[in-house]
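The next block holds one structure in the form of structure tokens; read it before the comments.
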Amino acid sequence: MSDMILIVEDEPKLARLLSNYLRQEGYDPECLENGLDVLPRVREKMPALILLDLMLPGKSGMEICKEIRSFSMVPIIMVTARIEEIDRLLGLELGADDYICKPFSPREVVARVKAVLRRSAAQQPSEGASALHLDEERFQATLRGHDLELTVVEFQLLSFLFANPKRIYNRNQLMDRIYPDQRIVSDRTIDSHIKNLRKKISGVAPEIELIHSVYGAGYKYDE
Ligand code: CA
């Protein structure tokens, strides 16, 4: 049985184009154009992946994404017509798996669909994003059910990077987050907090790397 891909797109031409490409690749695409129809359909027939346009009649892609995330981790790729929207969407922590900006080539979309499906298939249910829980009130982070025993600063670093996955932050940006009172701290301080943080993570899950250093640029959270 082929994977059902739900295309939520109110431009019929674009929806048809995507649908044709995905079918050629062996998927089973289905199109919806009204935002109000999405949730019932997702509950009824859980798709393998959802391509979700941001601007839709009925209900916005943003709302839909949030609502789906309240009951399902189905991969979602959000589609927006404005590149500057992507940063804002990332900041909102909607829980989408990827973002695509219009205009796009259908081939690019197919490639992203494949990549996201591969990634989600590789994640065992007990691993990946769902395995890390952050309790913002108690500054407590648990990974696969184990308390990471982080200091407040380590927790804040992890929490900030986790909320903005795949985005690279340099030391100054991280310091601004952690030390809003502009205390004078050496930028090596961030390095040592990150080092300790990684040590604690690998103590629980040695085979995964959540915090990556990007040479000459900074750090990012990526599963
Ligand atoms: Ca639209």
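The values are calculated or read from the model by the stated rules, or taken from the named source; none is laboratory data. Here the structure is a predicted model, which is why all the values come from computation and not from measurement. Ligands, DNA and RNA are excluded from the accessible area calculation, which covers all protein heavy atoms including side chains. Shrake-Rupley method; radii C 1.70, N 1.55, O 1.52, S 1.80 Å.
Here are some notes:
- Per residue of the chain, the DSSP helices (runs of n ≥ 4 H) give a summed -39500 (n - 2.57) that works out to -13000 deg cm²/dmol at 222 nm.
- Degrees between helix 187-204 axis and first principal axis of the chain (Cα, 0 to 90, nearest 10): 70
- The phi-based Karplus calculation (6.51 cos²θ - 1.76 cosθ + 1.60; θ = phi - 60°) puts the 3J(HN,Hα) values of the stretch 17-33 at 4, 4, 4, 5, 4, 5, 5, 4, 8, x, 8, 10, x, 9, 10, 10, 10 Hz, whole numbers, x for Gly and Pro.
- The portion of the accessible surface of the chain made up by carbon and sulfur, rounded to a whole percent, is 50 (1.4 Å probe; DNA, RNA and ligands excluded).
- Shape of the stretch 4-126, Cα gyration tensor, a/c cut at 1.5: rounded
- Contact order normalised by residue count of the chain, Cα under 8 Å, 6+ apart, percent: 13
- Cα long-axis angle, helix 106-122 against the chain (0 to 90 degrees, to the nearest 10): 50
- In the full protein context, the stretch 129-221 carries 58 Å² of accessible surface per residue, based on a 1.4 Å probe and ignoring ligands, DNA and RNA.
- Subtracting the Cα-Cα distance of residue 166 and residue 192 from their residue separation scaled by 0.36 nm leaves 7.3 nm.
- Protein heavy-atom accessible surface, 1.4 Å probe, per residue over the stretch 4-126: 52 Å².
- Of all lysines in the structure, those lying under 27 Å Cα to Cα from residue 166, and not within fewer than 8 positions of it along the same chain, are 66, 102, 114, 195, 199, 200, 220.
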